[in-house]
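Please read the structure below before turning to the comments.
The values are calculated or read from the model by the stated rules, or taken from the named source; none is laboratory data. This one's a predicted model, so the numbers in the text were calculated from it and none came from an experiment. Positions of Cβ are generated from backbone atoms using ideal geometry, with glycine treated the same way; all protein chains shown enter the neighbour counts. Ligands, DNA and RNA are stripped out before the accessible areas are found, and what is left, the full protein with its side chains, is counted by its heavy atoms. Shrake-Rupley method; radii C 1.70, N 1.55, O 1.52, S 1.80 Å.
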There are 2 protein chains.
Amino acid sequence: MTLPRETVEARMAAFREACLLKRLRLTHQRIEVFRALASSEEHPDVESIHRVVRKRIPTISPDTIYRNLKLLAEHGLVSVAGMSHERLRFDANMGPHHHFVCVKCGRIRDFTSRELQHVAFPAEARAFGAPVSMHLEVKGFCSACQKGRKT
Amino acid sequence: MTLPRETVEARMAAFREACLLKRLRLTHQRIEVFRALASSEEHPDVESIHRVVRKRIPTISPDTIYRNLKLLAEHGLVSVAGMSHERLRFDANMGPHHHFVCVKCGRIRDFTSRELQHVAFPAEARAFGAPVSMHLEVKGFCSACQKGRKT
DNA sequence: TCCCAAATAAGATAGAATCCTATTTACGAA
DNA sequence: TTCGTAAATAGGATTCTATCTTATTTGGGA
């Protein structure tokens with residue numbers, strides 16, 4: 001919404017090019033879904049994207065939004081915040097700690113870090129308000145999954 | 001499961017004390033739910049906690065697990081990994097970036113940090129496997145919510 | 001222009017989390 | 001110890017996000 005037109009247009013151009021390269025069809029729906037996302041800095045959910053796109057394509061279904069965003073995420077054209085249809089997970093470890101998340105098996109391991117303990121809140125983050133806590137999420141392949149990795 | 005007995009017992013003692021202080025009733029179910037969580041380092045979900053607790057309390061319902069964990073989380077006795085029943089959110093910003101999350105309104109803002117860009121993966125994280133990416137989540141009150149804060 | 005695999009719409013379905021309500025229980029006070 | 005009551009529970013109903021199914025449409029190469 002508040003993004004400068006040229007940023008959006010640059011993203012759209014890169015998107016079209018990436019789709020051609022990856023042999024993803026440039027359907028009317030796909031383009032508009034990406035445009036709605038590329039025009040926002042709000043990390044929107046499917047419902048709000050649907051609301052926006054419906055102005056141009058009144059019959060578009062939520063499933064099309066889901067399907068396209070999932071496809072684009074698999075191709076590295078958009079990113080997903082939040083755990084796709086995973087369950088809530090709990091932890092009795094209330095001390096400050098960070099997470100190592102295996103991108104293959106989903107296993108989460110806690111760790112603490114002396115170095116990080118003394119890192120201050122980044123100035124860029126403080127610009128948004130009053131930081132309270134800081135949590136690092138390291139993604140990678142855990143030792144077990146590392147062995148059976150194909151790449 | 002693999003946690004030393006004394007760690008679990010220490011957590012149980014602290015839990016009982018905290019409940020007395022906060023006037024939370026020490027029901028059989030609540031105690032066993034917490035014990036199951038405090039005995040694990042797997043960040044278990046409700047289903048696996050339910051499986052464990054059912055050995056001691058065969059009639060316990062999943063709702064009781066949910067209700068207690070939610071209550072304990074509100075009182076700062078356990079923590080929740082993942083976004084509590086929130087929707088998937090998407091982002092067209094594919095460059096490396098971090099998140100500032102407002103704990104009140106839930107708004108997410110992106111930021112990049114020159115300092116953090118060059119921080120290496122912590123040794124403690126590398127011990128678990130092969131790190132690929134690193135993402136920082138700063139939680140706090142955004143400027144807008146900061147004003148109307150009561151505390 | 002033709003062809004067909006890919007994509008879509010719309011409704012059905014799955015499944016996690018929450019709500020509802022009658023019953024039970026923890027625990028403070030008498 | 002007993003009693004009273006607000007809090008907590010069990011179990012089924014409900015909500016709601018995300019995915020699946022299937023008949024139809026369409027992008028884009030030949």
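Tabulated results
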| quantity | calculated |
| --- | --- |
| Point-charge dipole on Cβ atoms (K/R +1, D/E -1) for the protein assembly as shown, about Cα centre, debye to 20 | 640 |
| Solvent-accessible area buried by pairing A with B, both sides, nearest 100 square angstrom, 1.4 angstrom probe | 5800 |
| At 7 Å out from Cα toward Cβ: B:Glu74 inter-copy label distances (nm, ascending) | 4.1 |
| Degrees between helix A:28-38 axis and first principal axis of chain A (Cα, 0 to 90, nearest 10) | 40 |
| Rounded tilt (10° steps) of A:62-74 against the dominant C-alpha axis of chain A | 60 |
| Principal axis dimensions, largest first and in whole angstrom, of the stretch A:98-147 by Cα | 42, 22, 13 |
| Solvent-accessible area, 1.4 Å probe, carbon plus sulfur percent, for the stretch B:98-147 | 54 |
| Angle between chain B longest axis and helix B:5-21 axis [Cα atoms, degrees, rounded to 10] | 90 |
| Å³ per residue enclosed by the Cα convex hull of chain A | 180 |
| Rounded if a/c under 1.5, otherwise prolate or oblate - the stretch B:5-74, Cα gyration tensor axes | oblate |
| Mean accessible surface per residue for the stretch B:26-121, computed with a 1.4 Å probe while every protein chain stays in place, in Å² | 55 |
| Neighbour-limited loop hits for trypsin sites (Lys or Arg not before Pro), the stretch B:108-151 (at most 16 other Cβ within 10 Å; DSSP other than H, G, I, E, B) | B:Arg149, B:Lys150 |
| Label point 7 Å beyond Cα along the C-beta direction, distances from A:Thr2 to other copies (nm, shortest first) | 4.7 |
| Computed magnitude of the charge dipole of the stretch B:1-42 (debye, nearest 20; Cβ of K, R +1, Cβ of D, E -1) | 340 |
| Principal semi-axes in Å for the protein assembly as shown [√(5λ), Cα gyration tensor, largest first] | 37, 22, 22 |
| Protein-protein interface of the stretch B:1-45, residues with accessible area decrease of at least 30 Å², isolated chain reference, 1.4 Å probe | B:Arg11, B:Leu37, B:Glu42, B:His43, B:Asp45 |
| Label distances, nm, A:Ala120 versus same residue in remaining copies, Cβ-directed 7 Å point | 2.4 |
| Charge dipole (the protein assembly as shown, unit charges on Cβ, about Cα centre) - positive-most of B:Met134, B:His98, A:Ala81 | A:Ala81 |
| Spatial separation of Cα centroids for the stretch B:5-50 and the stretch B:52-122, in angstrom | 19 |
| Portion, in percent, of the accessible area of the stretch B:5-74 that falls on carbon or sulfur, probe 1.4 Å | 51 |
| Above-threshold pairs, the threshold being 28 Å between Cα atoms, out of A:Lys22/A:Lys139; A:Lys70/A:Lys104; A:Lys55/A:Lys139; B:Lys22/B:Lys104; A:Lys104/B:Lys55 | A:Lys55/A:Lys139; A:Lys104/B:Lys55 |
| FRET efficiency for A:Ala144 and A:Lys70, using Cβ-Cβ distance with R0 set to 30 Å, rounded to 0.05 | 0.65 |
